[in-house]
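The values are calculated or read from the model by the stated rules, or taken from the named source; none is laboratory data. Fair warning: this is a prediction, and the values are worked out from it, not measured in the lab. Methodologically, a virtual Cβ is constructed for each residue, glycine included, from the backbone with ideal geometry; neighbour enumeration extends over all protein chains shown.
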Amino acid sequence: MAVGTYVLNLSAGRLAGFGLALALLATPALLTGPAWALDGSTTPSDQKIVPSRTYKSAREALRVGVDDLHAGDAQSSVQALTYAAEGGEPLAQWKLGSIYAAGEVVPRNDLLAYKYFSELVERYNEDEIDPRSLTAIANAFVQVGVYTLNGIPGSAVKPDPERAVELFQIAATRFGDADGQYQLARMFMEGVGGLDKDKLRAAKWLGLAAEKGHRDAQAVLGHMLFRGDGVPRQAARGLMWLGLASLTSKGPKDGWIHDLEAKDRAVANDGERAAAEAFLAARGKRDAPHPVASAASPLQLSGAATQQGQ
């Protein structure tokens, strides 16, 4: 049974610049889809939208692209973002990759998505990085990893699980990205990409992602703990993680989370269910926003932000 969907997350610089980054990363056309699955729905790579307007700078084009996207003008937005991306704006490159991968405002084109995500990966230099771009770059490593793992049918991008592991490791360790940690955990669970099958190490990475609010990681970790699948059994804590995942699940794509929780809760005893509720209550108090911290929350964007609710 497939457990999970891949879903498809900055220290602040100047407030205006950060606001642009936050607005761009918060726009709806994020990459989502089944874990490790590409259906090969692509459009020819020569369908790239060519800008028909001119701009004073790539940064101006980026701002126009964001405004147009929020206004619902997809064609103008993609034109402006393309201009910005070709001018080296990393946030524009990331957003175009996400738009082409999702196929919501333009025809889906995995090759163009791969191209834009790969530009971010190839140009990454930790000594010269703009902190406002960290989240986008981290996510690009994950997205290129997924494409590299699966390959793109009918293209020169062939499956390369070992390269995918490298990309997920960078996202998971260098950036602390929750999606990268989740994907790396899946690699350890399956024992692919040159990795030995190791569910204890998988649980470690799932735990790190789960603590960041990664819904799929919470559900998979919870099921492992409840069942004692490759890890010491901790039924109540497993139910807690499953409960947290269910609380933030959205729509039919997350139905597997509810099914998994219901299945495990049905075979749990009263003591395990009661302990899980106590864990959930304690965690709710721990995670409640502090009055001072909550005022700063608009300037925070965690790795889980790419998870549609990531």
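Quick notes on this structure:
- Of all the residues in the stretch 203-228, those that are more than 16 Å from ASP254 (Cβ to Cβ) and not in a helix (DSSP H, G or I) number 2.
- GLU190 meets the conditions (1) farther than 23 Å from GLU126 by Cα; (2) assigned by TED's automatic domain parsing to the domain that holds ASP229; (3) of a type outside the set (Gly, Ala, Ser); (4) buried (at least 16 other Cβ atoms within 10 Å of the Cβ) in every case but one. The failed one is (4).
- Against the numbered list (1) at pLDDT 95 or above; (2) surrounded by 12 or more Cβ atoms within 10 Å (Cβ to Cβ), LEU280 comes up short only at (1).
- Scanning the stretch 172-202 for residues that are among the acidic types (Asp, Glu), part of a helix (DSSP H, G or I) and more than 21 Å from ALA136 (Cα to Cα) returns a single hit, GLU190.
- The stretch 103-122, residues that are under 17 Å from ASP73 (Cβ atoms) and surrounded by 18 or more Cβ atoms within 10 Å (Cβ to Cβ): VAL106
- Subset of the stretch 44-65 [β-branched (Val, Ile, Thr) and at pLDDT below 90]: ILE49, VAL50, THR54
- Residue that is farthest from the chain's Cα centre (by Cα), among those in the stretch 135-160 that are within 18 Å of GLY176 (Cβ to Cβ) and either surrounded by fewer than 20 Cβ atoms within 10 Å (Cβ to Cβ) or of a type in the set (S, T, N, Q) (or both): THR135
- Extreme residue, surrounded by the most Cβ atoms within 10 Å (Cβ to Cβ), among residues of the stretch 123-134 that are among the charged types (D, E, K, R) and in a loop (DSSP other than H, G, I, E, B): ASP130
- Among the conditions (1) modelled with pLDDT of 90 or more; (2) surrounded by 18 or more Cβ atoms within 10 Å (Cβ to Cβ), the only one that GLU86 does not satisfy is (2).
- Residue satisfying all of: in the stretch 68-83; over 23 Å from the mean Cα position of the chain (by Cα) and of a type in the set (A, V, I, L, M); surrounded by the most Cβ atoms within 10 Å (Cβ to Cβ) among these: ALA80
- Scanning the stretch 115-145 for residues that are touching an Asp or Glu at 6+ places or on another chain (Cβ under 9 Å) and farther than 12 Å from TRP94 by Cα gives a single hit, GLY145.
- Any pair with Cβ under 8 angstrom, 6 or more apart, that starts in the stretch 53-66 at a residue that is within 11 Å of THR82 (Cβ to Cβ) and ends at one that is charged (D, E, K, R): ALA58/GLU86; ALA58/GLU89; ALA61/GLU89; LEU62/GLU89; GLY65/LYS95
- Selection count where residues are of a type in the set (D, E, K, R) and touching a helix residue (DSSP H, G or I) at 6+ places or on another chain (Cβ under 6 Å), scope the stretch 89-124: 3
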